[in-house]
Amino acid sequence: MDLLPKVPGWSHNAGVTLTARIHQAVSDIPAEAWDRLAGDDNPFVSHAFLALLEESGSVGGRSGWSPLPIVIEDEAGEAAAALAAYLKGHSQGEYVFDHAWADAWSRAGGDYYPKLQIAAPFTPATGPRLLLGDRPELAAPLLRTVEQLCEANELSSAHATFIAPEQVPLFEAAGWLLRNDIQFHWENRGYASFADFLAVLSSDKRKNLRKERARAQDGVEIRQLTGADIRPEHWDAFWLFYQDTGARKWGRPYLTREAFDLIGQRMADKVLLVLAFIDGQAVAGAINFIGGHALYGRYWGALVDKPFLHFELCYYQAIDAAIAMGLSRVEAGAQGGHKLARGYEPVQTWSAHYITDPGFRRAVADFLERERAGIAQDQMVLGQRTPFRKG
């Protein structure tokens with residue numbers, strides 16, 4: 001999918017001219033310039049992560065994710081704001097489902113694809129979608145550039161997913177449609193240990209978690225690895241786990257084998273790899289990414305069927321690590337009501353949507369209003385089912 005956008009210059013703040021540029025890859029943009037805008041809190045908007053997805057072939061080519069990062073430059077030609085965008089030929093790997101919108105638009109005689117996706121590919125973790133550095137006033141021209149890109153190229157829509165909560169008002173101010181959903185996050189309330197966390201649970205839930213951990217750890221050695229401690233053989237093992245889970249859930253995994261090699265080479269200090277060994281053989285694992293304030297659980301897999309090992313590697317080990325690192329929360333990925341009983345609480349996640357056709361926009365807005373009421377009810381019910389002591 002090739003796009004040759006018409007991008008205007010912008011007049012801003014009494015005659016200051018800003019220029020919007022569309023690039024074909026994040027790797028075409030200097031890492032220092034990109035990371036200066038992105039900051040170092042969220043690993044999934046870093047230049048290293050987005051560029052390695054391109055280099056490894058996880059995006060681009062026939063993946064259906066064609067990179068189109070946008071950069072706003074000031075009069076001196078310096079990058080002043082940016083966002084990671086992708087021209088999409090499908091709705092896979094997004095975790096915010098718009099297949100019904102695509103079907104409705106197709107039945108009406110329209111072409112829903114290609115569309116524009118503002119996201120960290122394959123990553124249902126919250127983060128800044130507008131990389132503004134210290135220039136929040138540039139949110140408006142950055143989003144207007146996205147809108148004009150859609151209009152000039154007859155794209156049906158643009159979608160920003162898993163928006164950091166503090167950026168939601170920026171999309172709302174621009175008139176984008178807001179959508180919310182529910183994820184399960186663990187919150188660190190100043191715990192000094194896992195035992196401190198257990199102490200705030202109800203008695204029966206506390207006993208259940210202890211039993212689950214004991215059964216999962218029986219006969220198993222669990223190692224937490226980061227940085228230089230992650231060796232090539234660990235990535236070889238994890239690739240097998242990832243392949244197994246991907247084959248069972250989606251038909252094909254999103255990341256290529258090379259992506260994991262590049263993560264190990266360029267981001268190992270941002271990775272926590274949790275591996276389970278039986279008789280010295282790695283049999284299961286989970287990968288987490290380390291942010292400035294959060295631990296982000298991403299992928300897991302196993303070659304054995306051992307009760308509660310999934311919960312141990314993905315949820316309890318993540319809690320242990322977050323407490324040890326002094327992180328404020330664990331984001332354990334999309335969906336999964338089973339996380340509730342393990343101390344992960346329901347929180348709202350946000351996406352924002354720009355629909356080019358006025359009639360279609362009204363229909364989507366009506367749908368979102370109805371959906372929002374159901375989501376609010378679900379969150380209220382789930383919030384009453386947390387395992388914490390009441391009163």
Worksheet item: Within the set of pairs 6+ apart or on separate chains, which have a first residue in the range 42-53 that is without any contact (Cβ under 8 Å) to a residue 24 or more places away in the chain, a second that is surrounded by fewer than 23 Cβ atoms within 10 Å (Cβ to Cβ), and C-beta atoms under 6 Å apart?
Response: His47/Ala31; His47/Asp35
Fill in: Residue pairs meeting the criteria (Cβ under 7 Å; at least 6 apart or on separate chains; first of a type in the set (A, V, I, L, M), in the range 226-237; second surrounded by 13 or more Cβ atoms within 10 Å (Cβ to Cβ))
Ala228/Ala268; Ile230/Gly264; Ile230/Ala268; Ile230/Val271; Ile230/Leu273; Ala237/Leu275; Ala237/Ala282; Ala237/Gly285
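Yes or no, residue by residue, for (1) outside any loop (DSSP other than H, G, I, E, B); (2) of a type in the set (Val, Ile, Thr); (3) open to solvent by 50 Å² or more (accessible area, probe 1.4 Å); (4) closer than 30 Å to Gln377 by Cβ:
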{"residue": "Gly109", "(1), (2), (3), (4)": "no, no, yes, no"}
{"residue": "Leu116", "(1), (2), (3), (4)": "yes, no, no, no"}
{"residue": "Arg129", "(1), (2), (3), (4)": "no, no, no, yes"}
{"residue": "Asp134", "(1), (2), (3), (4)": "no, no, yes, no"}
{"residue": "Cys150", "(1), (2), (3), (4)": "yes, no, no, no"}
{"residue": "Glu172", "(1), (2), (3), (4)": "yes, no, yes, yes"}
{"residue": "Asp181", "(1), (2), (3), (4)": "yes, no, yes, yes"}
{"residue": "Tyr191", "(1), (2), (3), (4)": "no, no, no, no"}
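Conditions (1) closer than 26 Å to Trp65 by Cβ; (2) in a helix (DSSP H, G or I); (3) open to solvent by 70 Å² or more (accessible area, probe 1.4 Å), marked per residue:
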position	(1), (2), (3)
Glu154	yes, no, yes
His159	yes, no, no
Trp186	no, no, no
Leu262	yes, yes, no
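When you go through Asp111, Asp98 one by one, which is the residue that is free of Cβ contacts under 8 Å to residues at least 60 places away in the same chain and of a type in the set (Asp, Glu)? Show your work before the answer.
On the way: Asp98 fails: free of Cβ contacts under 8 Å to residues at least 60 places away in the same chain.
Every option except Asp111 fails the conditions.
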Worksheet item: Which is surrounded by fewer than 17 Cβ atoms within 10 Å (Cβ to Cβ) and in contact (Cβ under 8 Å) with a residue 60 or more places away in the chain, of Gly61, Gly39?
Response: Gly39
Worksheet item: Going through the range 349-391 one residue at a time, which ones are free of Cβ contacts under 8 Å to residues at least 60 places away in the same chain, among the small types (Gly, Ala, Ser) and touching a strand residue (DSSP E or B) at 6+ places or on another chain (Cβ under 7 Å)?
Response: Gly383
Worksheet item: Which condition does Ala85 not pass, out of (1) open to solvent by less than 10 Å² (accessible area, probe 1.4 Å); (2) without any contact (Cβ under 8 Å) to a residue 60 or more places away in the chain, if it passes all the others?
Response: (2)
Item to complete: Just name the residue that is farthest from Leu149 (Cα to Cα) out of those in the range 348-374 that are out of contact with any Leu (no Cβ under 9 Å at 6 or more places or on another chain) and surrounded by 18 or more Cβ atoms within 10 Å (Cβ to Cβ).
Response: Thr349
Item to complete: Exactly one condition in (1) under 30 Å from Ala365 (Cα atoms); (2) in a helix (DSSP H, G or I); (3) aromatic (Phe, Trp, Tyr) is not met by Phe49; state its number.
Response: (1)
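The values are calculated or read from the model by the stated rules, or taken from the named source; none is laboratory data. Note that this is a predicted model, so its numbers are computed, not measured. Backbone-built Cβ (ideal geometry, glycine too); neighbour counts: all protein chains shown. Side chains are part of the model used for accessible areas, which takes the heavy atoms of the whole protein and leaves out ligands, DNA and RNA. Shrake-Rupley method; radii C 1.70, N 1.55, O 1.52, S 1.80 Å.
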